[in-house]
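**Student:** First the structure, which I've put down as structure tokens, then a few questions once you've had a look.
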Amino acid sequence: MRSRDARRLPQAAQEELRRRAVALVAGGRSQTETAALLDVSRRSVSEWVRARRRDGDQALAARRRGRRRGEKTALAPWQQAQIARAIRDKNPDQLKLPGFLWTRALVCELIERRFGIRIAEKTAGRYLRAWGFSPQKPARRALEQNPEAVARWLEEHYPELERRAYRERALILWADEMGLRSDHSAGRSWAPVGQTPLVRGSGQRFGANVISAISNKGRLQFRVFKERFTAAVLIDFLARLVRQADGQKIILILDGHPVHRAKKVREWVAARAEQIELQFLPGYSPELNPTELLNQDVKTNALGRRRPRCQDELIGDTRSYLRSTQRRPQLVARYFDGQHVRYAKAA
């Protein structure tokens with residue numbers, strides 16, 4: 001049975017309804033029970049309780065209906081197109097608005113600045129949905145990232161690498177390293193509202209490191225180690241790659257970590273130029289490296305599912321998970337399905 005629409009009631013009756021609902025919940029009734037007793041939706045009860053908690057009794061008071069003075073409900077099609085393009089292409093701070101994330105309030109402010117038109121936040125929300133927008137958790141990008149360098153990598157540099165690898169019958173690998181910590185916590189857990197869930201684990205803190213390389217055909221090679229990541233560790237890993245390549249040249253794509261560019265590494269690679277070469281991604285662009293998706297997978301599923309009690313257990317769990325992944329090349333190839341790494345997906 002559908003709940004009645006309280007919006008059809010007089011303002012004084014709406015206020016009384018809101019106050020009764022909040023009082024029932026405060027007296028120990030659940031929001032679902034309160035909604036059934038008052039013949040309203042549970043969502044309405046939840047909104048009233050939140051408003052009362054946030055703004056006090058004034059949030060339940062009767063309000064004047066209709067639009068505020070100066071508000072309008074419609075933008076011309078050309079105005080809508082201009083606002084949608086601005087939101088798609090820019091962050092608020094780039095348009096000298098107070099904030100870094102687009103909210104309905106900032107969209108209202110942008111519209112008023114551009115066109116002198118005031119609209120309600122609910123109207124802004126309807127426009128955003130109509131334009132194909134949805135509220136999402138944003139990905140991080142470093143301010144130092146050079147968009148032109150990223151464009152050159154995607155449009156020129158990497159396509160040329162692919163063509164050269166085909167001519168030389170070389171193998172392209174992407175590599176990265178990561179640190180693992182015993183107190184890492186991944187994901188979320190259901191728990192009663194207001195009661196933060198607890199995750200029990202060893203009071204000791206320990207860690208390990210992993211360096212890995214993957215190909216878009218599903219190849220995975222890795223090393224788990226206890227020591228710091230140094231030029232000697234990287235050279236050892238490169239030597240393993242060369243040894244396991246059976247004479248096939250390797251083109252290894254890396255980020256600009258100082259160890260990757262260390263003098264000892266450069267000299268070692270230069271002495272084996274026919275066996276291996278290093279290529280570097282644009283600076284501050286980890287999203288272009290598909291190995292980052294492997295790193296996330298390992299932290300979530302190897303480290304996030306079982307709490308290790310010592311360093312050896314941490315290393316053993318990580319190796320076991322990586323070996324399992326290594327035996328499933330189709331899974332490794334799927335790391336190249338990510339939004340920002342599809343450029344490197346196998347044809």
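**Student:** Using only the Cα atoms of the stretch 72-143, each taken as one equal point scatterer with no solvent, compute I(q) by the Debye sum, divide by I(0), and report log10 of the ratio at q = 0.22 Å⁻¹.
**Tutor:** For the requested q values the scattering log ratios are -1.00.
**Student:** Which value, in Å² and to the nearest 10, is the accessible area of residue 328 when all protein chains are kept and the probe is 1.4 Å?
**Tutor:** Solvent-accessible area, nearest 10 Å²: 100 Å².
**Student:** Another question, if that's okay. Anything over 19 Å Cα to Cα? Flag those among 217/345; 226/299; 137/217, in the order listed.
**Tutor:** Too far apart for the 19 Å limit: 137/217.
**Student:** Reachable aspartates and glutamates from residue 264, Cα under 20 Å, same-chain residues fewer than 8 places away excluded?
**Tutor:** Filter leaves 176, 177, 227, 236, 255, 274, 277.
**Student:** Need one number: convex hull volume per residue for the chain, Cα atoms only, in Å³.
**Tutor:** Output value, Cα hull per residue: 220 Å³.
**Student:** Then there's this: Remind me, relative contact order of the stretch 87-171 in percent, using alpha carbon pairs under 8 angstrom and six or more residues apart?
**Tutor:** 13
**Student:** Something else about it: Counting Lys +1, Arg +1, Asp -1, Glu -1, what net charge surrounds residue 236 among other residues with beta carbon under 12 Å of its beta carbon?
**Tutor:** Here the count lands on +3.
**Student:** Would you work out the relative contact order for the chain, in percent, from Cα pairs under 8 angstrom that are 6 or more residues apart? List each step's numbers first, then the result.
**Tutor:** Working: 399 pairs, mean separation 50.1, N = 347.
Normalised by residue count, the contact order of the chain is 14 percent.
**Student:** Further, regarding this structure: If you count only protein heavy atoms and use a 1.4 Å probe, how large is the accessible surface of residue 25, to the nearest 10 Å²?
**Tutor:** Rounded to the nearest 10, that gives 40 Å².
**Student:** Hey, another quick one. Could you point to the residue in 59, 11, 83 farthest towards the positive end of the chain's charge dipole, with +1 and -1 charges on the Cβ of Lys/Arg and Asp/Glu respectively?
**Tutor:** Checked the options; the winner is 11.
**Student:** Nearest 10 degrees is fine. How inclined is helix 104-115 to the longest principal axis of the chain, computing both from alpha carbons?
**Tutor:** The answer is roughly 80 degrees.
**Student:** A follow-up question, please. Rounded to the nearest 500, what is the chain's calculated 222 nm mean residue ellipticity when only DSSP H runs of at least 4 contribute -39500 (n - 2.57) each, over all residues?
**Tutor:** -12000 deg cm²/dmol, from helical runs alone.
**Student:** Not counting the cut sites, what is the longest span of the chain without GluC sites (Glu not before Pro) that DSSP labels loop and that have at most 15 other Cβ atoms within 10 Å?
**Tutor:** Of all site-free stretches, the longest is 1-143.
**Student:** What size of dipole, in debye to the nearest 20, comes out for the chain about its Cα centre when the only charges are +1 on Lys and Arg C-beta atoms and -1 on Asp and Glu C-beta atoms?
**Tutor:** Details: 69 positive and 38 negative charges, 317 e Å.
Here the chain has a charge dipole of around 1520 debye.
**Student:** If I fit a long axis through the Cα atoms of helix 121-130 and take the longest principal axis of the Cα atoms of the chain, what angle between them do I get, 0 to 90°, rounded to 10?
**Tutor:** 50
**Student:** Now for a separate question. About the Cα centre, and with charges only on the beta carbon of Lys, Arg (+1) and Asp, Glu (-1), how big is the dipole of the stretch 262-330? Nearest 20 debye, please.
**Tutor:** On the way: 13 positive and 9 negative charges, 71 e Å.
In total the dipole reaches around 340 debye.
**Student:** Right, here's the next one. Return the loop-located trypsin sites (Lys or Arg not before Pro) in the stretch 232-321 (DSSP other than H, G, I, E, B) with at most 16 other Cβ atoms within 10 Å of their own Cβ; answer none if there are none.
**Tutor:** Within the stretch 232-321, the qualifying trypsin sites (Lys or Arg not before Pro) (loop, at most 16 other Cβ atoms within 10 Å) are 261, 272, 305, 306, 309.
**Student:** Rounding to the nearest 10 and keeping the result within 0 to 90°, find how far the Cα-based axis of helix 311-326 lies from the longest principal axis of the chain.
**Tutor:** Here the helix axis deviates by roughly 90 degrees.
**Student:** Here's something else I'd like to know. With a sphere of radius 15 Å drawn around the Cβ of residue 337, what net charge do the other residues whose Cβ falls strictly inside it have (Lys, Arg +1; Asp, Glu -1)?
**Tutor:** Net local charge, residue 337 excluded: +2.
**Student:** To continue, here is another question. Counting only Cα atoms, I'd like the Rg/Rh figure for the stretch 206-284, Kirkwood definition for Rh.
**Tutor:** Rounded to two decimals, Rg/Rh equals 0.94.
**Student:** If the cut-off is a Cα-Cα distance under 22 Å, which lysines reach residue 263, setting aside same-chain residues fewer than 8 apart in sequence?
**Tutor:** Cross-link targets: 249.
The values are calculated or read from the model by the stated rules, or taken from the named source; none is laboratory data. Fair warning: this is a prediction, and the values are worked out from it, not measured in the lab. Ideal geometry is used to build each Cβ from the backbone, glycine not excepted, and the neighbour counts take in all protein chains shown. Please note that ligands, DNA and RNA were not included when accessible areas were found on the heavy atoms of the full protein model with its side chains. Shrake-Rupley method; radii C 1.70, N 1.55, O 1.52, S 1.80 Å.
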